[in-house]
Amino acid sequence: MKKIFSLFFCLIILFYIKIPVFSQETYDQLKIFTEVLDIIQKSYVETPKSKELIYGAIKGMLNALDPHSSFLTPEEFKELQIETKGEFGGVGIEITIKDGWLTVVSPIEDTPAYQAGIKAGDRIVKIDGKPTKNMTLTEAVKLIRGEKGTKVILTIWRKGFNEPKDFEIIRDIISIKSVKFKTLEKGYGYVRLTSFQENTISELRNALLQLEKENKPLKGIILDLRNNPGGLLDQAVKVADEFLENGLIVYTKGRLKSQQMEFKAQKNQYPHSYPIVVLINEGTASAAEIVAGALQDHRRAILIGRTSFGKGSVQTIIPLEDGSALRLTTALYYTPKGKCIQATGIIPDLEFNNIGPTKETPKHHILREKDLERHLKGIEEDKEEKKKKPKDFLLDIGLQILKRWDTFTQLQY
């Protein structure tokens with residue numbers, strides 16, 4: 001009997017330890033919650049499923065927080081894990097909630113959304129005719145994603161539109177290559193980071209190695225972070241570290257001691273001491289802003305373009321016992337000089353607000369053979385198509401800065 005009592009006492013102690021300590025006010029609110037749950041289970045017109053009620057309540061709790069905090073069902077959690085590996089079925093956009101609206105942070109380059117003309121800052125007011133007002137991010141993602149070859153219609157409101165416009169997009173497998181690179185001209189390289197995935201740092205190192213082999217010496221690079229919606233924090237830290245030899249890269253502040261973190265640069269085995277110009281715009285967000293902010297604060301690069309998106313919060317994924325998870329905002333991040341860019345963004349050293357690709361003036365058009373659908377392409381036509389790519393003025397400005405680096409670095413910007 002004594003042994004049974006001891007075991008029972010131990011179980012009580014263990015159970016007690018697991019119970020979180022709430023204030024009296026929280027306990028009173030929990031009583032209301034259990035009372036409502038009891039009423040629903042006893043009196044609702046149909047027998048409700050307990051799991052659906054609990055999941056719904058949890059979603060309600062998270063919806064009361066910021067737009068980046070959410071509850072992930074086991075299926076949604078699996079989708080998130082697939083996404084960070086860089087391949088999933090969808091249209092290729094990063095979305096958030098801004099001013100109460102489902103908003104495009106950035107279309108991912110070379111994806112169906114990008115090709116359809118979706119732009120950073122677009123408001124998605126409907127998905128397949130379903131209004132997005134009060135819709136959570138996870139609900140929106142679930143509606144937008146789907147099997148390759150299927151269609152989704154996004155109704156978009158954009159500054160300059162007289163009324164919302166439908167964009168019909170065919171879903172595809174979104175396989176994200178996060179690093180692209182090329183030699184612009186002898187001695188000058190271009191590196192484009194489209195997002196921060198698991199392999200971004202290894203892809204970047206390979207790109208830099210190739211550029212350094214092609215150009216001896218490599219006099220400078222342009223690092224293009226425009227329309228980069230972010231991604232994995234650890235990859236952003238490693239990318240910044242690749243161009244810094246020491247010092248703070250980013251630090252985070254939250255309510256808990258475990259959320260106070262600092263990330264510092266380490267001396268590189270193969271340093272890249274050449275000048276860097278970083279291109280940013282309103283689609284540069286989150287992890288991309290960490291890189292831009294670190295390079296700017298250390299005066300390791302000159303930033304040009306437009307003010308970035310301004311997502312300066314850190315989300316922690318907390319797995320739960322049943323395979324679901326919480327995506328919870330646990331901290332804000334700060335640049336090395338202590339700037340919190342949440343809702344304000346990274347301001348470039350040289351701001352160019354009205355620069356974009358050139359647009360040809362529409363002219364009266366005469367129908368020709370090349371306008372006919374499925375026509376055979378001629379040799380000259382292929383050459384013409386390659387020339388048609390819009391001119392990137394910001395890229396040209398970046399290249400001119402690299403060529404006159406000593407002059408620009410002496411300026412007080």
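The values are calculated or read from the model by the stated rules, or taken from the named source; none is laboratory data. From a predicted model like this one, the values you see are computed outputs, not experimental measurements. Every residue, glycine among them, receives a Cβ derived from its backbone with ideal geometry; neighbour counts consider all protein chains shown.
Observations on the model:
- Of all residues in segment 90-136 being within 21 Å of residue 172 (Cβ to Cβ), under 13 Å from the mean Cα position of the chain (by Cα) and of a type in the set (A, V, I, L, M, F, W, C), the one that is surrounded by the most Cβ atoms within 10 Å (Cβ to Cβ): 93
- Residue satisfying all of: in segment 225-260; in a strand (DSSP E or B) and either more than 15 Å from the chain's Cα centre (by Cα) or not assigned by TED's automatic domain parsing to the domain that holds residue 336 (or both); farthest from residue 104 (Cα to Cα) among these: 248
- Where a residue in segment 81-95 is farther than 12 Å from residue 177 by Cα and its partner, wherever it lies, is surrounded by fewer than 17 Cβ atoms within 10 Å (Cβ to Cβ) and at pLDDT below 75, with Cβ under 8 Å and at least six apart: 88/82
- A residue that is acidic (Asp, Glu) and in contact with a strand residue (DSSP E or B) (Cβ under 6 Å, 6 or more places away or on another chain) occurs somewhere in segment 154-167.
- Highlighted here are the strands (runs of 3 or more DSSP E) found entirely within segment 149-205 that include at least 2 residues which are over 21 Å from the mean Cα position of the chain (by Cα): 151-157, 165-170, 179-185, 188-193.
- Here residue 218 does not fit the description of being more than 19 Å from residue 342 (Cα to Cα), crowded, with 21+ Cβ neighbours inside 10 Å and either in contact (Cβ under 8 Å) with a residue 12 or more places away in the chain or within 22 Å of the chain's Cα centre (by Cα) (or both).
- Flag if residue 183 is out of contact with any Phe, Trp or Tyr (no Cβ under 7 Å at 6 or more places or on another chain), assigned by TED's automatic domain parsing to the domain that holds residue 239 and hydroxyl-bearing (Ser, Thr, Tyr): yes
- Residue count for segment 106-126 under the criterion of being touching an Asp or Glu at 6+ places or on another chain (Cβ under 9 Å) and not basic (Lys, Arg): the result is 8.
- Looking only at residues of segment 254-267 that are in contact with a helix residue (DSSP H, G or I) (Cβ under 7 Å, 6 or more places away or on another chain) and surrounded by 15 or more Cβ atoms within 10 Å (Cβ to Cβ), we find that the one that is nearest to residue 205 (Cα to Cα) is 265.
- Of all residues in segment 320-334, none satisfies the criterion of being outside any strand (DSSP E or B), farther than 17 Å from residue 138 by Cα and either under 17 Å from the mean Cα position of the chain (by Cα) or among the small types (Gly, Ala, Ser) (or both).
- Among the conditions (1) in a loop (DSSP other than H, G, I, E, B); (2) modelled with pLDDT of 95 or more; (3) closer than 26 Å to residue 327 by Cβ, the only one that residue 46 does not satisfy is (3).
- Restricting segment 387-413 to residues that are surrounded by 10 or more Cβ atoms within 10 Å (Cβ to Cβ) and among the hydroxyl-bearing types (Ser, Thr, Tyr), the residue that is modelled with the highest pLDDT: 409
- The set of residues from segment 147-201 being touching a Leu at 6+ places or on another chain (Cβ under 9 Å), within 20 Å of residue 103 (Cα to Cα) and surrounded by fewer than 13 Cβ atoms within 10 Å (Cβ to Cβ) comprises 166, 168.
- In this structure, residue 331 does not satisfy being buried (at least 19 other Cβ atoms within 10 Å of the Cβ) and touching an Asp or Glu at 6+ places or on another chain (Cβ under 9 Å).
- The condition of being surrounded by fewer than 18 Cβ atoms within 10 Å (Cβ to Cβ), in contact with a strand residue (DSSP E or B) (Cβ under 6 Å, 6 or more places away or on another chain) and among the aliphatic types (A, V, I, L, M) holds for only one of 249, 280, 318, 276, that being 318.
- Only one of 294, 265 that is in contact (Cβ under 8 Å) with a residue 24 or more places away in the chain, closer than 18 Å to residue 226 by Cβ and not polar (S, T, N, Q): 294
Residues checked against (1) assigned by TED's automatic domain parsing to the domain that holds residue 108; (2) touching a strand residue (DSSP E or B) at 6+ places or on another chain (Cβ under 6 Å); (3) at pLDDT 95 or above; (4) closer than 16 Å to residue 137 by Cβ:
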site: 3; (1), (2), (3), (4): no, no, no, no
site: 10; (1), (2), (3), (4): no, no, no, no
site: 29; (1), (2), (3), (4): no, no, no, no
site: 59; (1), (2), (3), (4): no, yes, no, yes
site: 74; (1), (2), (3), (4): no, no, no, no
site: 77; (1), (2), (3), (4): no, yes, no, yes
site: 82; (1), (2), (3), (4): no, yes, no, no
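- Test result for residue 266, more than 14 Å from residue 300 (Cβ to Cβ), modelled with pLDDT of 95 or more, outside the structural domain of residue 95 (by TED's automatic domain parsing) and over 21 Å from the mean Cα position of the chain (by Cα): yes
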